[in-house]
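Contents: one structure, followed by commentary.
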Amino acid sequence: MTLSTLTQQLDTLGFSGFKAALQRQSEDANYAQLPFEERLYQLLEAEQSERTAKKIKRLLSQAKLKDRQAALDQIEYSAKRGIERSQILALASGEYIAKGQNVLITGATGVGKSFLAQALAKQAIFEGYSAKYYRVTRVLEEIKIARLEGNYTKALQKLSRINLLVLDDFGVTPLKADELNDLFEVIEERTLSGSTIITAQLPVKEWHNYLGNATIADAMMDRLIYSAHRIEMKGESMRKIMAQK
């Protein structure tokens with residue numbers, strides 16, 4: 001069998017990583033010194049790496065992260081900011097997603113809540129999880145449109161299948177009755193099926209009053225807060241600090 005015939009078969013199978021590695025081996029005489037098993041292992045490893053890279057690229061595209069620079073290695077850890085390195089490193093493993101736990105990030109405007117949430121989402125993708133970023137107003141608008149088009153249930157199911165959902169800017173504007181119900185349905189559908197990161201200027205203790213409807217507020221808070229990881233960010237606006245620099 002010729003190399004050309006073999007590479008054509010690899011193209012048919014979609015083994016692009018395997019093909020590229022095989023091409024490198026055929027051009028380097030040093031590979032001939034290696035046992036067959038070692039060469040095969042390297043070819044399979046190259047294919048696995050290629051597939052992982054493609055998956056990450058696809059998940060990043062689907063996540064729709066607003067800040068592409070967001071990354072955990074860009075986080076400025078300090079007691080003044082209320083960010084503990086140990087807590088963030090623990091979250092970086094993605095274990096909280098496997099357990100269906102939530103992350104609640106609160107703090108004044110500009111302190112970096114959204115950046116941190118998106119950095120955690122990006123890290124989750126590197127760990128193999130799907131993620132999606134939304135501002136709360138945007139996800140509620142999408143659900144409203146889905147209802148008008150007769151796709152309400154389908155839209156909720158789609159949201160429930162995301163491993164990590166980021167809901168940014170919770171509590172910025174008052175919620176109408178139907179919006180409150182829709183938000184509760186999103187949280188309810190995701191209970192035990194995924195994790196949610198919520199960022200808010202309002203402290204968690206004020207969320208119940210903000211939601212208004214006591215019955216829905218009780219149910220939603222129970223689903224969000226139980227075993228949730230809380231990060232209370234402090235300090236000056238990062239936008240102000242960056243502008244001064």
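What follows draws every value from the coordinates through simple rules; no lab data is involved. Owing to the predicted nature of the structure, the values given are computational and were not obtained by experimental measurement. We place every Cβ from the backbone using ideal geometry, glycine too, and count neighbours over all the protein chains shown.
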Self-check item: Residues whose placed amide H lies under 5 Å from that of I197, excluding near-sequence neighbours
Solution: V103, L165, V166, L167
Quiz item: Where a Cα-Cα gap under 14 Å defines reach, which aspartates and glutamates qualify for K205, not counting those fewer than 8 residues away within the same chain?
Solution: D218, D222, E232
Exercise. May I ask for the equivalent-ellipsoid semi-axes of region 141-208, computed as the square root of five times each C-alpha gyration tensor eigenvalue and listed largest first in whole Å?
Key: 21, 16, 9
Exercise. Restricting to the chain, compute how many DSSP beta bridges are antiparallel as a %, nearest 5.
Key: 5 percent
Quiz item: Counting Lys +1, Arg +1, Asp -1, Glu -1, what net charge surrounds G212 among other residues with beta carbon under 15 Å of its beta carbon?
Solution: -4
Quiz item: Dividing the alpha-carbon radius of gyration of region 61-170 by 2.2 N^0.38 Å (N being the number of residues), what value is obtained?
Solution: 1.13
Quiz item: With the chain treated as a Gaussian network of Cα nodes joined by springs under 10 Å, which of I75, I198, I231 yields the largest mean-square fluctuation?
Solution: I75
Practice problem: Can you check what the net charge comes to around Q25, using other residues whose Cβ is under 14 Å from the Cβ of Q25 (Lys, Arg +1; Asp, Glu -1)? | Solution: -3
Exercise. Excluding residues fewer than 8 places away in the same chain, name every one of the lysines whose C-alpha is closer than 27 Å to that of K19.
Key: K54, K55, K57
Quiz item: Dividing the convex hull volume of the alpha carbon atoms of region 132-245 by its residue count, what do you get in Å³ per residue?
Solution: 124 Å³
Self-check item: Candidates R135, R51, R223: whichever shows maximal mean-square fluctuation once the chain is modelled as a Gaussian network with Cα springs under 10 Å
Solution: R51
Self-check item: All lysines inside 27 Å of K144 as judged from Cα atoms, apart from same-chain residues fewer than 8 positions distant
Solution: K64, K66, K113, K132, K154, K158, K176
Self-check item: Mean shadow area of region 97-153 over all directions, Cα convex hull, nm²
Solution: 5.2 nm²
Practice problem: Let me know the shape class of region 1-91, please: from the alpha-carbon gyration tensor, a ≥ b ≥ c as square roots of the eigenvalues, rounded when a/c is under 1.5, otherwise prolate if a/b is greater than b/c, or oblate. | Solution: prolate
Quiz item: How fast does the chain diffuse by Stokes-Einstein, in µm²/s, taking the Kirkwood radius from C-alpha pairs at 4 °C and 1.567 mPa s?
Solution: 63 µm²/s
Quiz item: Within a Cβ distance under 9 Å of R147, other residues only, what is the Lys/Arg minus Asp/Glu net charge?
Solution: -2
Quiz item: How large is ³J(HN,Hα), in whole Hz, for each residue of region 189-197 in order, when computed from phi with the Karplus curve 6.51 cos²θ - 1.76 cosθ + 1.60 and θ = phi - 60°, using x for Gly and Pro?
Solution: 4, 8, 4, 6, 10, x, 10, 10, 9
Exercise. When a/c is below 1.5 the answer is rounded, else prolate if a/b is larger than b/c, else oblate, so apply that to region 116-179 with a ≥ b ≥ c taken from the square roots of the Cα gyration tensor eigenvalues.
Key: oblate
Quiz prompt | Selected from V172, V186, V139 as most flexible by GNM, with the chain as the system and alpha-carbon contacts under 10 Å | solution = V172
